[in-house]
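*Asks:* One structure is given below, represented as structure tokens, and several questions about it will come after.
The values are calculated or read from the model by the stated rules, or taken from the named source; none is laboratory data. This one's a predicted model, so the numbers in the text were calculated from it and none came from an experiment. Please note: Cβ atoms are built from the backbone with ideal geometry, for glycine as well, and neighbour counts cover all protein chains shown.
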Amino acid sequence: MKHLLKLADLSTEEIFSILNLADQLKYERKNGVPHPHLAGKKLGMIFTKSSTRTRVSFEVGMYELGGHALFLSDRDIQLGRGEPIKDTARVLSRYLDGIMIRTFDQQDVEDLAEYGSVPVINGLTDYCHPCQVLADLMTIREYKGSLKGLKLCFVGDGNNMANSLIVGGIKTGMKVSIACPDAYRPDAGVIAWAKENGELQITSDVLAAAEGADVLYTDVWASMGQESERQIREQAFKGFCIDDKVMAVADKEAMVLHCLPVHRGEEVTEKVFEAHAQEIFDEAENRLHAQKAVLCKLLK
């Protein structure tokens, strides 16, 4: 494991190794055990998309591991003035021990890894969100004990979250179902990979997708950069909401997850969200622990 560009690059064994280390680091933090595994290490954090959880969790994570994180918005570095990614990668590699980037285009992440000489972590692109799904898998395992054989149902846009949940779910032995409008399906390449490697159901029938699900997952209808499509998406996704009807057909012990921020009353009702708030905010906390594990694997 040289980088974390997308979950498809990791083996099942590598994913579980990250999850196991994340569990250990979480236990140590809870019990006041210091773990300065990255003392003296420096992480550059490039943001062309704003963030709450990604920035804070990586910055706090590096601090707790004994290292230092530098926040680099596109207004602060020459990327914002047209410097090519390949030049930025070669310059930053001379100063830093690792780079995390949260941006739009997946190719930018791939280019950073190709032209740089330090580990690169994908903090989110329009194509995938591997750090979030590692935290999701960690949370599901905490609540359910294991992952193999569970049914994971995602309701909403076939976006970066859907792409990564399909890959992460199948690689860890889960069955995955996606409920989305026909015009908003996940990436075709991800679908083709999933059908060769596991069980994937894609349907526009929310109740059919949610039937017997152990985990229900949703995300906002209009992600960052899609604000201009909001009205169109509100019509397209009408009915793609985790509500009492969806909960009734899922497993009676089903958990609900959301990567946040949430639009209550759209992708999930206020009632369902608050009933499962503990799971959702445990999931948000686990971004810290899962990413610390990734940092240790790549930078130590």
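*Asks:* Within the range 249-264, is even one residue part of a helix (DSSP H, G or I), among the basic types (Lys, Arg) and more than 20 Å from the chain's Cα centre (by Cα)? Step through it out loud before you land on a result.
*Replies:* Here is the first cut: in the range 249-264, the residues part of a helix (DSSP H, G or I) are 249.
Within this subset, residues satisfying the condition of being among the basic types (Lys, Arg) are none.
No, because not a single residue in the range 249-264 is part of a helix (DSSP H, G or I), among the basic types (Lys, Arg) and more than 20 Å from the chain's Cα centre (by Cα).
*Asks:* Let me ask something else. Would you mind listing the strands (runs of 3 or more DSSP E) fully within the range 14-102 where at least 2 residues are touching a residue at least 40 places away in the same chain (Cβ under 8 Å)? Break it down into steps so the answer makes sense when it comes.
*Replies:* Working: elements: 42-47, 68-73, 98-102.
Of the strands (runs of 3 or more DSSP E) lying wholly inside the range 14-102, those with at least 2 residues that are touching a residue at least 40 places away in the same chain (Cβ under 8 Å) span 42-47, 98-102.
*Asks:* Where the second residue is polar (S, T, N, Q) and assigned to a strand (DSSP E or B) and the first is under 17 Å from ALA254 (Cα atoms) and touching a residue at least 40 places away in the same chain (Cβ under 8 Å) and lies in the range 153-165, which pairs have Cβ atoms under 6 Å and are six or more apart or on separate chains?
*Replies:* CYS153/SER177; VAL155/THR218
*Asks:* Against the definition (farther than 12 Å from THR218 by Cα and crowded, with 22+ Cβ neighbours inside 10 Å), how does HIS289 come out, yes or no? Outline the logic, then answer.
*Replies:* Details: farther than 12 Å from THR218 by Cα: yes; crowded, with 22+ Cβ neighbours inside 10 Å: yes.
Against the criterion (farther than 12 Å from THR218 by Cα and crowded, with 22+ Cβ neighbours inside 10 Å), HIS289 qualifies.
*Asks:* Pairs only if they're at least six apart or on different chains, beta carbon under 6 angstrom, first in the range 188-211 and among the charged types (D, E, K, R), second surrounded by fewer than 18 Cβ atoms within 10 Å (Cβ to Cβ); list them, first residue then second.
*Replies:* GLU211/VAL249
*Asks:* In this structure, is PHE104 among the aromatic types (Phe, Trp, Tyr), in the same structural domain as LEU38 (by TED's automatic domain parsing) and surrounded by 18 or more Cβ atoms within 10 Å (Cβ to Cβ)? Show your work before the answer.
*Replies:* On the way: among the aromatic types (Phe, Trp, Tyr): yes; in the same structural domain as LEU38 (by TED's automatic domain parsing): yes; surrounded by 18 or more Cβ atoms within 10 Å (Cβ to Cβ): no.
Judged against the criteria, PHE104 is not a match.
*Asks:* Scan ILE191, ILE178 and give me the residue that is touching a Pro at 6+ places or on another chain (Cβ under 7 Å) and among the β-branched types (Val, Ile, Thr). Write out each step before concluding.
*Replies:* Working: ILE191 fails: touching a Pro at 6+ places or on another chain (Cβ under 7 Å).
Just one listed residue meets the conditions, ILE178.
Let's see how each residue does on (1) out of contact with any Asp or Glu (no Cβ under 7 Å at 6 or more places or on another chain); (2) within 22 Å of ARG94 (Cα to Cα); (3) of a type in the set (Lys, Arg):
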residue	(1), (2), (3)
SER51	yes, no, no
ARG55	yes, no, yes
GLU64	yes, no, no
GLY67	yes, yes, no
LEU70	yes, yes, no
ILE77	yes, yes, no
ARG81	yes, yes, yes
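*Asks:* Which one of these is over 26 Å from CYS131 (Cα atoms) and either outside the structural domain of VAL155 (by TED's automatic domain parsing) or hydrophobic (A, V, I, L, M, F, W, C) (or both): ALA275, ALA236?
*Replies:* Numbers: ALA275 fails: over 26 Å from CYS131 (Cα atoms).
Testing whether each residue is over 26 Å from CYS131 (Cα atoms) and either outside the structural domain of VAL155 (by TED's automatic domain parsing) or hydrophobic (A, V, I, L, M, F, W, C) (or both) leaves just ALA236.
*Asks:* Quick check on the range 241-254. Is at least one of its residues more than 21 Å from PRO181 (Cβ to Cβ) and touching a Phe, Trp or Tyr at 6+ places or on another chain (Cβ under 6 Å)?
*Replies:* no
*Asks:* Hey, which of the helices (runs of 4 or more DSSP H) in the range 125-232, taking only ones fully inside, have at least 1 residues that are among the aliphatic types (A, V, I, L, M), crowded, with 16+ Cβ neighbours inside 10 Å and over 19 Å from the mean Cα position of the chain (by Cα)? Quick ask: steps written out before the conclusion?
*Replies:* On the way: elements: 130-144, 160-171, 188-197, 206-210.
Of the helices (runs of 4 or more DSSP H) lying wholly inside the range 125-232, those with at least 1 residues that are among the aliphatic types (A, V, I, L, M), crowded, with 16+ Cβ neighbours inside 10 Å and over 19 Å from the mean Cα position of the chain (by Cα) span 206-210.
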